[in-house]
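The values are calculated or read from the model by the stated rules, or taken from the named source; none is laboratory data. Predicted model, so just to flag it, every value in this text is computed and none were measured. Cβ sites come from the backbone with ideal geometry, for glycine too, and all protein chains shown count toward neighbours. Calculation scope for accessible area: heavy atoms of the full protein, side chains included, ligands and nucleic acids excluded. Shrake-Rupley method; radii C 1.70, N 1.55, O 1.52, S 1.80 Å.
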Amino acid sequence: MAKTKLIIDTDPGIDDAMAILMAFHSPEVEIIGLTTIFGNVPTSLATHNALHLLEVIGREDVPVAQGCTMSLKNVPKVRIADFVHGKDGLGNTNPSPPKRKALDLSAKEFLLKMINTFPGEVTVVALGPLTNIAMAIRADPMFAKNVKQIVVLGGAFFVNGNVNPASEANILGDPEAADIVFTSGADILVVGINITHQVVMTDDHLKQLGQSESAFAKYVYEISHFYFDYHHEAYDMKGVYLHDPTALAAAVDPLLFTFAEGVVRVQVDGISKGMTIFNNTGKRWGEVTEWCNKPSVKVAVTVDANQITDMLMERLLTDVK
Ligand SMILES: O=c1[nH]cnc2c1ncn2[C@@H]1O[C@H](CO)[C@@H](O)[C@H]1O
């Protein structure tokens, strides 16, 4: 079967790095580019880290396109998650400056170019705020039709957020962009923290990575201490949430999840700014609501969590070079 072409829109980020390494050991997909966004780190550092990761992986043939530095409302991300990922985004391991540069094309331009070149063939895995993707949707009405699928890591469905009780970090990073993407009519899978908080890499798994001879496993071991320390402290757990690798797994094998279909809207202001509100009641509402006559998305509601952790471990522990 033909491999699915993937573009990973990313803000690396320790769990982004895990997802990117996993993707390059996933025979089901072919990564045709990385695009960058703010979130875990500012955008320029995300670009730096994306280029660095491709060097670690030995895939300097894969292009990187730099994305937006601010949200659609031109609000700079004031809340960069360096307390989760370290100042450098990679657990304060101080990666050496990359040898390559990003493309001259912006992330939006690269997304449009790839989706027009390969209509119906490219899946975008969005691991950060959705600004780049919303820009592409706004620039070209055919984008939503021609993208094969958009897999979104974001939102908190029927559970609390992780920035505050209402909102999850990626959606809060650009709520307007998220609302544009969710109501665009594209084929969308949404993996929220109601799912990713079930998928855990334990302290024992990390030890196993550290003892391995695999270059990918060793690299993840090195960068992950900061991320583990944060989870020990913030959640009192002996492990970490595998947010980004879980979204990548949904692109590789959606059968590891079940999905419910319905309209998702995003709260763009007030105390619940960034909240994702999903209507899958099937109710014929007595009055017109902001959810009426909008396209549906597929929201993940169950997950085979152990399978995903096993998949990540197996793919990190295998050296394919
Ligand atoms: O407490 C947090 N604040 C901000 N970002 C976080 C936090 N925990 C995890 N992430 C990051 O945001 C995405 C999932 O929401 C993931 O990319 C994760 O690395």
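Odds and ends about this structure:
- Placing +1 on the Cβ of every Lys and Arg and -1 on the Cβ of every Asp and Glu, with nothing else charged, gives the chain a dipole about its Cα centre of roughly 740 debye.
- For the chain: accessible area per residue (Å², 1.4 Å): 42 Å²
- Under a Gaussian network description of the chain, with springs only between Cα atoms under 10 Å, the residue in Leu103, Leu45, Leu242 that fluctuates furthest is Leu103.
- Taking Lys and Arg as +1 and Asp and Glu as -1, the other residues whose beta-carbon sits under 13 Å from that of Tyr221 total -2.
- Segment His225..Asn74, full-extension length gain: 51.0 nm, with 0.36 nm per residue of separation and the alpha-carbon distance subtracted.
- Between helix 14-24 and the chain: long-axis angle, C-alpha atoms, 0 to 90°, nearest 10: 80 degrees
- Rounded to the nearest 10 degrees, the inclination of helix 305-317 to the longest alpha-carbon principal axis of the chain is 40 degrees.
- Length added when fully stretched, Asn160-Asp253, from 0.36 nm per residue minus Cα-Cα: 30.8 nm
- You can think of it this way: the chain between Glu287 and Thr117 has 57.0 nm of extra reach, that is 0.36 nm per residue less the Cα-Cα gap.
- Take every Cα pair under 8 Å whose residues are at least 6 apart in sequence, average their separation, divide by the length of the chain, and the relative contact order is 19 percent.
- Exposed chymotrypsin sites (Phe, Trp or Tyr not before Pro) absent - longest run of the chain, DSSP non-H/G/I/E/B, at most 11 other C-beta within 10 Å: 1-157
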